Structure formats: C-alpha cells, structure tokens
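What follows is a short report on a single structure.
The values are calculated or read from the model by the stated rules, or taken from the named source; none is laboratory data. None of these values were measured; they are calculated from a predicted model. Note: ideal-geometry Cβ built from the backbone for every residue, glycine included; neighbour counts use all protein chains shown.
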Amino acid sequence: TNKNVDPKKVVQLGDEVEVMVLEIDEDRRRISLGMKQCKPNPWEDFAMSHKKGDRVKGQIKSITDFGVFIGLPGGIDGLVHLSDLSWSEPGEEAVRRYKKGDEVEAMVLAIDTERERISLGVKQLSGDPFSNYASTHEKGSVVTGTVKSVDAKGAVIALGGDAEGYLRASEISSDRVEDARNHLKEGDQVTAMIINIDRKNRTINLSIKAKDAAEAAEAMQRMQQEATTGTTNLGALLKAKLDKS
C-alpha cells in the first residue's frame, strides 16, 4: 500500500469514517487515529494466502533504478530486484524489456509482513542454467560450444541451455596468444575442456590447450601400449619357433 497517500484522495470534508485510536498524548492534547488499522492488513492477508515459491501475476506499477514494482492483490506491491530479472543478462539490460502497465508473472521469494515487503523474482520461474549445466558436467569434461563474444583477452562460449563458459586467450593454444580475436570470431564452434567450475562466482573456465594436451597424452599412451603389445607378440613367436627346433 502507498505509505504517502494524499488524504484528499481518500476522504472528503463531512465524510463519516471509522478509525482506531493509536495514541493519546495528554501533554500535547493530541489523539492519533488510524483508518487503515480498521481494515485487514493486506500484507498479512497475502502472507496467509501465499508462500515462498508461489507464482503470482500482476501489472507493473513502476520501474526504478533498483527494480520493478508489481501490483498484487490487496493493493500492495511486490519488488523484483534487478538481479532477479534474468539469469543470463545484467539487470540493467534485462529491465529494458519491461514497461509500466505490462502484466508479468513472478515467483514469491520472501514475505516480510513487519517491514511490509514482498520480494519477487522473474528468473526463478525457470531453472538456473549455470547450476543445471554444472550438475551434469565436471572438471575435465570435453564440451562443445559456440563463440558468443570475443575480445583480446578471451571469448565467451555459449554452451547450451543459456549456460556460458569463458575461454581465456592464454588457454586457446600452447603457443603464445596475444589477441584472442586473431584466432576466434563470433559464431565459431569450439571444443574445449572444462578446467574449473566456480560455483561461488558462477563461472565455467574452458581450455583448448588443456584439451589438446590431454588428447596428445592419450595418443602417446596408446602408441606405447601398441608398441609393448607388438614386442610381446614378436617375443612369443620367436620363443615358439625355438621350442619347436
């Protein structure tokens, strides 16, 4: 509910109203009254009928520097903080897709009746792409993705399902790479190894260099095994021939 309502918009001179005595100040000969206290508390009503994780719909009442206010039943507003608008976009960019009057769906994240605050989230309506990807891939996995953006320091790789990984310029090749743009461009398909998953900072680090080194080591191991097998077979043939003679 609006905390700064113009009384002229609520009551007119001569109206009969029901009020509750809030305070009696005998020294100042003043009695404080309240109208809203005579009606059910809309915040408590909302808390009674909704819980964390519930989905709600409402119209956008206002958009501020820190989030989007959505109108809810009972004349109260819920706030979607900028950080809760999108998993993949910064809040400052995601908020540009919204305007006053739009009807949106959101998830209830928290209800604080004492402070009269309801926290909502839009991105929580869908699964966290980072957590989903990290739960099915581990360090050392070889993955394929598409270059989403690239600058001199490295490239952002789209891994599918809105998950992203980062490929530093130094991890592109065993040779020294001064500028990643000389090796990659947007749209290129990249196969690399996951060298780190940082759940706290929500980053997935990739390396083509590590993938190539692992493949080279595996190929060397196969060659050594084949050479050992070949030597063993030759020795067995010679022994069999000597045994016959």
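Remarks
- Candidate set: the stretch 1-54, residues that are of a type in the set (S, T, N, Q), at pLDDT below 70 and surrounded by 10 or more Cβ atoms within 10 Å (Cβ to Cβ); chosen: the one farthest from residue 76 (Cα to Cα): 37
- Of all the criteria given as (1) farther than 15 Å from residue 133 by Cβ; (2) touching a strand residue (DSSP E or B) at 6+ places or on another chain (Cβ under 8 Å), the one not satisfied by residue 178 is (2).
- For the criterion of being in contact with a Gly (Cβ under 7 Å, 6 or more places away or on another chain), outside the structural domain of residue 165 (by TED's automatic domain parsing) and in contact (Cβ under 8 Å) with a residue 60 or more places away in the chain, residue 120 passes.
- Against the conditions (1) in contact with a helix residue (DSSP H, G or I) (Cβ under 8 Å, 6 or more places away or on another chain); (2) part of a helix (DSSP H, G or I), residue 133 satisfies every one except (1).
- Scan of the stretch 211-225 for residues that are surrounded by 14 or more Cβ atoms within 10 Å (Cβ to Cβ) and farther than 14 Å from residue 157 by Cβ, ordered by number: 212, 214
- Residue satisfying all of: in the stretch 108-129; outside any loop (DSSP other than H, G, I, E, B) and closer than 12 Å to residue 85 by Cβ; farthest from the chain's Cα centre (by Cα) among these: 120
- Residue 203 outside the structural domain of residue 56 (by TED's automatic domain parsing), farther than 30 Å from residue 75 by Cβ, touching a Leu at 6+ places or on another chain (Cβ under 9 Å) and not aliphatic (A, V, I, L, M): no
- Criterion violated by residue 116 - all others in (1) in contact with a His (Cβ under 9 Å, 6 or more places away or on another chain); (2) on the phi > 0 side of the Ramachandran plot satisfied: (1)
- Test result for residue 201, more than 26 Å from residue 124 (Cβ to Cβ) and at pLDDT below 90: no
- Tally of residues being under 15 Å from residue 189 (Cα atoms), of a type outside the set (A, V, I, L, M, F, W, C) and either more than 23 Å from the chain's Cα centre (by Cα) or surrounded by fewer than 16 Cβ atoms within 10 Å (Cβ to Cβ) (or both) across the stretch 138-147: 2
- Selected residue (only one of 150, 190, 177, 156 is surrounded by 14 or more Cβ atoms within 10 Å (Cβ to Cβ) and more than 15 Å from residue 205 (Cα to Cα)): 177
Here's the yes/no breakdown for (1) assigned to a strand (DSSP E or B); (2) in contact (Cβ under 8 Å) with a residue 40 or more places away in the chain; (3) not assigned by TED's automatic domain parsing to the domain that holds residue 160:
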| residue | (1), (2), (3) |
| --- | --- |
| 23 | yes, no, yes |
| 27 | no, no, yes |
| 31 | yes, no, yes |
| 56 | yes, yes, yes |
| 61 | yes, no, yes |
| 88 | no, yes, yes |
| 101 | no, yes, yes |
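- Residues (more than 18 Å from the chain's Cα centre (by Cα) and within 22 Å of residue 113 (Cβ to Cβ)) located in the stretch 65-89: 69, 70, 71, 72, 73, 74, 75, 76, 77, 78
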